[in-house]
Amino acid sequence: MPEIGRAVDALPSLFTRLGDQLTQLFDAKLSLLRIELKEEVAIYLRGTVMIVAGAVVALIGFALLNVAIAFLISMIFEAAQIPQALRYALGFVITAVLYLVIGALLILKAKNRIAKQGILPPKTATELERDKEWLKKQM
């Protein structure tokens, strides 16, 4: 009988310990989630910076080289006996299309790099799945 009394006395302490351990487990899982989310945000920020940098490079390149290339292209149309204003217009239009394509390619490349990155943190998801299976086995 004294063993039963000790077991009954120990039961509340076991539940308390179980509660404490579950709290520690959830705290550890939340800490892992926070760390992984910080890593994910850093990756997304780097990708966003790359998109902005690509757009800025495309814009600066468009602004600086546009004039030179437009005049070069307009010189190609010199023999066609086209009025000077129309030659310049053709030069600028062709140059603008060229830089817009280059800028779009840079932006798409950075966007695709960001899209490859998963939203759900993989380590946390794996840990939660393992915990779920463990709890199923314990029940």
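The values are calculated or read from the model by the stated rules, or taken from the named source; none is laboratory data. Since we're looking at a predicted model, the values are computed, not measured. Positions of Cβ are generated from backbone atoms using ideal geometry, with glycine treated the same way; all protein chains shown enter the neighbour counts. For the accessible areas, the whole protein counts, side chains as well, though only heavy atoms, and no ligand, DNA or RNA atoms are used. Shrake-Rupley method; radii C 1.70, N 1.55, O 1.52, S 1.80 Å.
For the chain, what is the calculated [θ] at 222 nm in deg cm²/dmol (nearest 500), taking -39500 (n - 2.57) for each run of four or more DSSP H residues and dividing by its residue count? Show your work: numbers first, answer last.
Numbers: 3 runs with 125 residues, N = 139.
My calculation for the chain gives -33500 deg cm²/dmol from helical runs alone.
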Estimated FRET transfer efficiency when R0 is 41 angstrom, pair Gln81-Val49 (beta carbons, to 0.05): 0.25
Between 0 and 90°, nearest 10: helix 122-138 axis offset from the chain longest Cα axis: 20
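So with the 1.4 Å probe, I'd like the accessible area per residue for segment 13-139, rounded to whole Å². Intermediate values should be presented prior to the final figure.
Details: 9580 Å² over 127 residues.
Heavy-atom SASA per residue in segment 13-139 reads 75 Å².
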Ordering of 100-107, 88-95, 13-20 by packing [mean C-beta count within 10 Å, highest first]: 88-95, 100-107, 13-20
At 0.890 mPa s and 25 °C, Stokes D of the chain from Kirkwood alpha-carbon radius, µm² per second: 116
15 Å cut-off, amide nitrogen to a point 7 angstrom out along Leu18 Cα→Cβ, residues in segment 123-139: 135-139
Net length gained if the chain between Ala42 and Leu128 were fully extended (0.36 nm per residue, minus Cα distance): 28.7 nm
Modelled label reach - Leu135, point 7 Å along Cα→Cβ, segment 26-60 residues with backbone N closer than 19 Å: 26-34
Share of carbon and sulfur in the accessible heavy-atom surface of the chain [1.4 Å probe, %]: 73
Where labels lie 7 Å past Cα in the beta-carbon direction, separation of Arg113 and Ala10 in nm: 5.9
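Suppose every Lys and Arg Cβ carries +1 and every Asp and Glu Cβ carries -1, with no other charges. What dipole size does the chain come out with about its Cα centre, to the nearest 20 debye?
Values: 16 positive and 12 negative charges, 59 e Å.
Taking the Cα centre of the chain as origin, the dipole is about 280 debye.
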Over 27 Å between alpha carbons, listed pairs Lys38/Lys132; Lys116/Lys136; Lys38/Lys109; Lys116/Lys137; Lys29/Lys137: Lys116/Lys136; Lys116/Lys137
Cβ-based charge dipole, the chain, positive-most Cα from Ala28, Pro122, Ile107: Ile107
